[in-house]
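FYI, it's all coordinate maths here, none of it is from the lab. Just so you know, these numbers come straight off a predicted model, no measurement behind them. Here Cβ is always computed from backbone atoms with ideal geometry, including for glycine, and neighbour counts include all displayed protein chains.
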Amino acid sequence: MPPFPSGLLVLTAPLPALPRRAAGLVAAAAGLVAGPLYVHLQPGLRLSGPAGPGPAAPPAGPALLRALAALYEAAAARRGLDLRVLLGPGRRLARPPRVLLAAAAEAPGPPEPVQLGLQRLAAAVYGCPPSLPALLLGEDTGGGDPEGDPEQDPDATLPEFLDVAVGGTFDRLHGAHRLLLSACCLLARRRLLAGVADGDLLRHKVLPELIEPYELRAAKLREFLEDVKPSLSYDIVPLADPFGPSVTDPDLQCLVVSEETRRGGETVNRKRLENGLPELALHEIQLMKDPDHQQNEEEKISSSSLRQRLLGTLLQPPRQDPALPSRPYVIGLTGGTGSGKTSIAKLLGHLGAFVIDADKLGHAVYVPGGPAYEQVVAAFGAEILNEDGTINRKVLGAKVFGNQERLKSLTDIVWPEIARMAREQIREADSQGKAVCVLDAAVLLEAGWQDMVHEVWTTIIPEEEAVRRIVARDGLSEEAARCRLQSQMTNRQRVEWAQVVLCTLWEPDVTRQQVQKAWDLLQQRLRPEPSHDPHL
Ligand SMILES: CC(=O)SCCNC(=O)CCNC(=O)[C@H](O)C(C)(C)COP(=O)(O)OP(=O)(O)OC[C@H]1O[C@@H](n2cnc3c(N)ncnc32)[C@H](O)[C@@H]1OP(=O)(O)O
């Protein structure tokens with residue numbers, strides 16, 4: 001873990017050299033700062049020089065945009081380091097820096113005057129306490145042209161507008177968002193209107209259940225923007241349709257788009273004309289490539305890929321319940337019907353887990369002579385019986401799925417019995433020396449069995465895909481399949497409880513990789529902490 005929670009890096013070299021140096025600088029800073037890492041750009045400033053007004057902030061031109069793109073891309077390659085390049089003027093930052101950094105290559109000579117200069121600047125511009133530690137970074141400078149792109153016009157500047165608009169989902173604010181928002185800050189002189197997709201607009205996104213709640217996305221967006229350019233006023237509004245106030249706000253002058261959203265921008269302009277409003281200037285920003293993109297992920301940096309990478313990882317700390325025996329470690333695997341839970345349970349079994357199938361235990365409790373047989377027949381009548389006296393599960397299923405009251409009478413009878421059998425099986429896993437036991441139970445959360453397990457893992461799948469699978473697999477009608485789904489919790493409700501989320505929407509190999517990742521991370525969690533006793 002890097003030693004400092006937050007830091008301020010001051011860079012003073014000419015901007016055209018920054019793209020070549022960004023990766024080395026960000027890598028060196030990321031070793032010291034967990035994030036946020038603020039960057040103050042002031043080309044031409046001599047940190048070791050006398051105090052007093054230094055050179056002005058860099059002009060809002062192509063050289064600055066290229067430098068920003070390189071810095072944010074470098075941060076994306078550092079697993080999403082929270083980088084915030086400050087576009088001034090300064091003020092107290094949301095997460096005050098705990099360390100000050102400068103590039104050793106930009107400050108030759110003895111370090112002390114540079115360190116003093118750093119402390120002076122941080123105190124004067126950002127109100128930092130004067131005694132913050134100040135360090136000089138060594139950097140791997142890489143190859144390339146130190147003067148940058150010769151085609152670049154050093155005097156070009158971006159246009160300026162009073163009020164600018166931008167829209168997006170802004171989930172897990174990544175490098176491409178930061179670049180887009182920085183461009184907005186450079187273009188706007190008075191106000192930025194940021195529309196944040198919400199509600200129905202999220203329904204067709206990849207893994208919508210893992211999208212951060214609107215309030216969190218809006219709060220992170222505001223914090224980033226107010227840090228980066230505190231002089232602007234920010235309107236952050238939820239978008240219930242793709243256009244929001246961009247088609248009705250008379251003060252707007254410019255809409256910032258990417259290649260992907262340019263056509264949406266053109267539609268905004270058509271709607272504005274229909275509404276008797278002037279068209280907006282469309283300012284297009286290049287999409288940023290994702291240095292880490294993998295099979296089944298988009299090439300550009302995208303929130304969807306970031307969400308896919310969360311699959312299999314620990315999303316919230318496991319429950320600590322002293323009443324639960326520590327061995328075996330029990331994973332409650334749940335997931336809606338048709339979500340691929342069974343295939344994941346099998347993969348976990350191959351990896352060494354002891355798997356308990358609660359559906360099978362459920363069937364065992366009402367075989368004739370089983371602990372729930374008499375009660376179930378008494379509750380649902382002889383019409384659920386086959387000729388040989390066994391319970392016809394299809395008939396019983398048709399009675400209970402889609403009817404909450406009847407389903408509850410059934411589960412009130414069978415869940416306590418299934419739970420008892422599951423506990424027996426967990427003890428059996430322990431006696432076999434199994435370290436991990438997977439309790440595969442479709443309605444684990446509905447049954448309140450969280451207290452039987454150390455972690456909840458859930459499989460999720462979009463409803464339409466679940467319906468397709470159930471119809472193909474079980475020969476049910478689409479309506480009956482939907483009835484089953486409606487008897488269960490939603491994906492989002494399951495995700496709220498889950499330590500780990502898995503999704504079987506893609507190729508089987510992708511599922512296998514997710515499960516392997518989840519298993520490997522679990523093994524790390526289960527490994528005993530190294531002892532700090534120096535004698536051991
Ligand atoms: C806490 C638990 O998860 S215990 C395991 C789940 N079992 C129960 O809740 C017991 C009540 N259910 C039953 O007895 C049976 O499911 C019946 C009789 C209603 C239907 O039996 P069958 O037609 O053989 O269907 P089966 O048991 O395979 O279940 C069909 C699907 O409905 C799901 N399901 C089972 N019980 C329930 C329930 N109480 N609520 C919602 N969905 C359920 C199953 O998980 C299965 O989904 P899958 O696609 O993940 O395999």
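Numbers below:
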quantity: For LEU71, LEU64, order by how many other beta-carbon atoms lie within 10 Å, fewest first; calculated: LEU64, LEU71
quantity: Cut-off 16 Å, label 7 Å out along Cα→Cβ of ASP140, residues of segment 54-77 by amide N; calculated: 74-77
quantity: Loop sites in segment 152-224: trypsin sites (Lys or Arg not before Pro), DSSP, at most 12 other Cβ within 10 Å; calculated: ARG203
quantity: Trypsin sites (Lys or Arg not before Pro) lying in DSSP loop within segment 298-358, provided at most 15 other Cβ fall within 10 Å; calculated: ARG319
quantity: Cβ-Cβ FRET estimate between VAL395 and GLU478, R0 fixed at 22 Å, reported to 0.05; calculated: 0.60
quantity: Taking the chain and dividing mean pair separation by its residue count, relative contact order in percent (alpha carbons under 8 Å, at least six apart); calculated: 13
quantity: Convex hull volume of segment 1-49 per residue (C-alpha atoms, cubic angstrom); calculated: 75
quantity: Pair LYS408, ALA156: separation of 7 Å Cα→Cβ label points (nm); calculated: 6.7
quantity: Rg/Rh ratio calculated on Cα atoms of the chain (Kirkwood radius); calculated: 1.07
quantity: For a label point 7 Å along the Cα-to-beta-carbon line of SER431, residues of segment 331-371 with backbone N under 17 Å; calculated: 354-356
quantity: Percent RCO, i.e. relative contact order, over segment 273-421, from Cα pairs under 8 Å lying at least 6 residues apart; calculated: 12
quantity: Per-residue Cβ neighbour rank within 10 angstrom, fewest leading, ASP509, ASP430; calculated: ASP509, ASP430
quantity: Cross-link pairs beyond the 29 Å C-alpha cut-off, checked among LYS394/LYS517; LYS434/LYS517; LYS229/LYS517; LYS205/LYS399; LYS341/LYS408; LYS205/LYS341; calculated: LYS394/LYS517; LYS229/LYS517; LYS205/LYS399
quantity: GluC sites (Glu not before Pro) restricted to DSSP loop in segment 380-482 with at most 11 other C-beta within 10 Å; calculated: GLU387
quantity: Residue-span extension gain [ARG527 to TRP506] - 0.36 nm each, minus C-alpha spacing; calculated: 4.5 nm
quantity: Percentage relative contact order, segment 7-137, counting C-alpha pairs under 8 Å, at least six apart; calculated: 33
quantity: SER6, SER409 arranged by Cβ crowding within 10 Å, fewest neighbours leading; calculated: SER409, SER6
quantity: Full-extension gain in nm, ALA240 to ARG468, via 0.36 nm per residue minus C-alpha separation; calculated: 79.3 nm
quantity: Estimated inter-spin distance, ASP251 and ALA281, nm [label 7 Å along Cα→Cβ]; calculated: 1.8
quantity: For segment 311-526, average projected area of the Cα convex hull in nm²; calculated: 12.2
quantity: Label-point separation in nm, LEU216 to GLU274, each point 7 Å along Cα→Cβ; calculated: 3.6
quantity: Cα gyration tensor shape of segment 7-137, rounded if a/c is under 1.5, else prolate or oblate by comparing a/b with b/c; calculated: rounded
quantity: Alpha-carbon centroids, segment 15-90 and segment 316-380: separation in whole Å; calculated: 53
